[in-house]
Structures are given as structure tokens and as C-alpha cells.
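> My questions will all concern the structure given below.
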Amino acid sequence: MYYFIVNPGSRSGNGRHVWKEVEEILETEDVEYRVFFTSSRCHATRLAREITARDERITLAAVGGDGTVSEVLSGIQDFSKVTFAYIPTGSSNDFARSLGLPSDTAAAVQNLLHPSYFRRIDLGKARLGEQALYFAVSCGCGYDAAICHAAFYSSVKKLLNRLRLGKLTYIATGIRQLLLSRPAPLAVTLDGRQTLRLRRAVFAAVMNCRFEGGGVRFCPRALPDDGQLDVCIVEGSRLLIIPLFLLSLVGIHGILPGVHLLRARSVELTSPRRLPLHIDGEPYFLKGKVRLDCAPGVLSIIAGPGKRAARQE
């Protein structure tokens, strides 16, 4: 049985139109499926929790952006009973980009219905107090999270998404946040042992995949199946942001002073200040401390046709 969780509002309503195209293909191929539409933030998590509470093996597909993926994954009750699939309709689609998943809707549906390869990948797990949330792409605090916060609530983003220019939202927001954001004290603890204490941290990005923010490579060596999280920490002046972003497009920003590229199985971010935090682009706040752990090989996913991976057993 195929289950679909659809965010109809993704990319300013494009998710609804994408689903109609998906539905036509499913009906043509006489596929048995059920579809659920989200109506509010975190609704996808509640839907995934209800769907995966059943005692059956299923294919669960998310139709939305990276934030929808995170919400669906955070609701899965038993990963061993779920094969995950993804049809991207977001502004960034960094999860699809990182895994080589089709961006074309018809190709994505055919890949889902007639998979050639399966892949087992890691997920990140963020613990915010009593709350535990999975992320497929990245989690970060500081400047990059401030961009996610501002873009999430931006009315301009809706217009640009309709024009298929959603990336411009992040560029414009990034310039504005460059003027507004301030470096903050931050302690970064790796695997419970090594701690970096930064007086002027610009941001910290903890990544499971190589891309975030629409193709930026803050952690160019990050792989979703290596059992580790990659970390990019930037400290110093805000002016470092400009060359940082330019160089990170090709993954060579590590040559800049104040840029730390690290790896660990677990990461703790601690700050005395209330900092913006994002989990796969969804806005939260760092209030004291957040712990991030790698959950190795927890997710079985239908891989992209161009990404050769081991067949699922």
C-alpha cells in the first residue's frame, strides 16, 4: 500500500498542482493508495504517526519541501516497517538534490512506483528539551537560521515561488539579515568530549547532507550514509559572510579564517542567548542547549535512478 502525505501549500500552493499530476499517474496505473493533506505546521508529523501505527509494511511518500520531509520523518513510529519516498515541491529541495532524486514530477512518480534501487541512509535527531525531531538535511543556529526564519514568514517568497524564483527570497533575506544579525557566544561540544568555545559565532550548521539553502555546500564532505554529522562553524565578523557564501557554492570556504569544518556522531550547541534555530528550514529557537545525534542507517528510501545503491533486502 502506498501512503502519500501532501503539503498543498508548499511553494505557495504548487504542492496542490503537483498532487493532481501525481494522482493522474496513479489512477492511470491503477495503483492502490491513500492520500492525506496537511493543513497546518506539524500536521504531517501527526499524520505520519497515525499512518505508521498500523502493523504493516508500507511505502510512505512525502510531497512537499524539505520541511515536510522532516515533519513526516519525525512522526514515523517504526522505521523498520517503512520505505520512504519523496516527490519534491519545495523552494530549495536540498534533500532531493543531495540524493539525486528526480525533480520532475512524472519521473519522481515513476521512480516511486518502479524503483530500481533502495538506499539506507542516516538521519539527524534534534533534541529540544522534551521534543525530539528528525532532520534529513541540516540543523543550524545563528545567521543561516535567521534567514530561514525571515523567509518562512516572507510574503515576497510567495510571489517569487509563483514565478519559480524562490531562491531569490533567500538571497534578499540573506542580505537583510547580514545587516541585522549579531555574532553570539556559542559552545560546540563534539561527541561529549571536545568543546569549542566561541565568543563571536556567526552561525553553526550541522549537516546530514551536502546541500542546504538551495544548493549551498557548507559541509562539502557530508554524506547521508557515513554514520556521522558534518559541522560548519563560522566565527568572527559578519563581513566574512559575503566571501563565505560565494566560496561555499563550490565548497572551498574552508580556506577562510574563522571557518571550522568538523565531524562527529553527536553535537551539542549551547548559548546564553536566545538564537534562531532551523531544522530542515523550519524555524525554532535555541533556548540554552540543543543536542544533535546521528541516527545511522535508520531510513530505507527509494533512491534516485542515477544513484546506484544496494538493493533493499
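> Summing +1 for each Lys or Arg and -1 for each Asp or Glu, what net charge is found among the other residues whose Cβ lies under 10 Å from the Cβ of R210?
Taking every Cβ under 10 Å from that of R210, the sum is 0.
> Using a ≥ b ≥ c from the Cα gyration tensor of the chain (square roots of the eigenvalues), is it rounded, prolate or oblate, where a/c under 1.5 gives rounded and otherwise the larger of a/b and b/c decides, a/b for prolate? Walk me through the numbers on the way to the answer.
Numbers: a/c = 1.83, a/b = 1.52, b/c = 1.20.
The shape class here is prolate.
> Along the Cα→Cβ direction, 7 angstrom out, place labels at M1 and R41. What is the inter-label distance in nm?
Here the modelled spin labels are 3.1 nm apart.
> Go ahead and run the numbers for FRET between K81 and L256, Cβ-Cβ distance against an R0 of 45 Å, rounding to 0.05.
Given R0 = 45 Å and the Cβ-Cβ separation, E is 0.50.
> Considering only C-alpha atoms, what is the centroid distance from the range 238-252 to the range 81-95, in Å?
27 Å
> Select from the range 12-96 those trypsin sites (Lys or Arg not before Pro) which occupy a DSSP coil region and have at most 15 other Cβ atoms within 10 Å, ordered by residue number. Provide the component values of the computation, followed by the final result.
Working: sites: R16, K20, R34, R41, R46, R49, R54, R57, K81; in loops: R41, R54, R57.
Within the range 12-96, the qualifying trypsin sites (Lys or Arg not before Pro) (loop, at most 15 other Cβ atoms within 10 Å) are R41, R54, R57.
> Related question: Can you figure out the FRET efficiency of L239 with S103, using R₀ = 30 Å and their beta-carbon distance, to the nearest 0.05? Walk me through the intermediate numbers first.
Details: r = 35 Å, r/R0 = 1.15.
The formula returns an efficiency of 0.30 here.
> Step through the residues of the range 62-75 one at a time and calculate ³J(HN,Hα) from phi using the Karplus curve (6.51 cos²θ - 1.76 cosθ + 1.60, θ = phi - 60°), rounding each to whole Hz and writing x for Gly and Pro.
For the range 62-75, the Karplus-derived couplings read 9, 10, x, x, 4, x, 5, 4, 4, 5, 5, 4, 5, x Hz, x marking Gly and Pro.
> Between S98, S39, S266, where does the largest GNM mean-square fluctuation fall for the chain, given springs only between Cα atoms within less than 10 Å?
Looking only at S98, S39, S266, the largest GNM fluctuation is found for S39.
> Step through the residues of the range 128-143 one at a time and calculate ³J(HN,Hα) from phi using the Karplus curve (6.51 cos²θ - 1.76 cosθ + 1.60, θ = phi - 60°), rounding each to whole Hz and writing x for Gly and Pro.
Karplus values, whole Hz, x for Gly and Pro: 10, x, 8, 8, 10, 10, 8, 10, 8, 9, 6, 9, x, 9, x, 4.
> Also: Treat each spin label as a single point 7 Å out from the Cα along the C-beta direction, and report the L180 to R127 distance in nm.
3.2 nm
> What is the extension gain from K289 to T28, computed as 0.36 nm multiplied by their sequence separation minus the C-alpha to C-alpha distance, in nm to one decimal?
Extra length available between K289 and T28 comes to 89.0 nm.
> Compare L60, L286, L277 in a GNM of the chain, Cα atoms joined below 10 Å, and give the one with the largest fluctuation.
L286
> Need one number: % antiparallel among DSSP beta bridges in the chain, to the nearest 5. Intermediate values should be presented prior to the final figure.
Numbers: 55 of 74 bridges.
If we restrict to bridges inside the chain, about 75 percent are antiparallel.
> What does the C-alpha gyration tensor say about the overall shape of the range 174-243? Classify as rounded when a/c is under 1.5, otherwise prolate if a/b is larger than b/c, or oblate.
On the way: a/c = 2.95, a/b = 1.23, b/c = 2.40.
Since a/c reaches 1.5 but b/c is at least a/b, the shape of the range 174-243 is classed as oblate.
> Classify the range 1-134 as rounded, prolate or oblate from the Cα gyration tensor: take a ≥ b ≥ c as the square roots of its eigenvalues, call it rounded if a/c is under 1.5, otherwise prolate when a/b beats b/c and oblate if not.
Values: a/c = 1.41, a/b = 1.27, b/c = 1.11.
Verdict is rounded for the range 1-134.
> Let me ask something else about it. Rounded to the nearest 0.05, what FRET efficiency is calculated for L247 and Q194 with R0 set to 25 Å and r the Cβ-Cβ distance?
0.50
> Using the alpha-carbon atoms, what tilt in degrees (0 to 90, nearest 10) does helix 10-28 show relative to the longest principal axis of the chain?
Roughly 30 degrees between the two axes.
> Something else now. For the chain, modelled as a GNM with alpha-carbon contacts under 10 angstrom, which of L47, L292, L246 fluctuates the most?
Highest fluctuation among the options: L246.
> Just flag the trypsin sites (Lys or Arg not before Pro) in the range 224-298 sitting in loop per DSSP whose Cβ has no more than 16 other Cβ atoms within 10 Å.
Working: sites: R238, R263, R265, R273, R274, K287, K289, R291; in loops: R265, R273, R274, K287.
Passing both the DSSP loop test and the Cβ count: R265, R273, R274, K287.
All of the numbers you see were taken from the coordinates with simple rules; none came from a lab. Please read these numbers as outputs of a predicted model, since none were measured by experiment. Cβ coordinates were reconstructed from backbone atoms using ideal geometry, including for glycine residues, and neighbour counts include every protein chain displayed.
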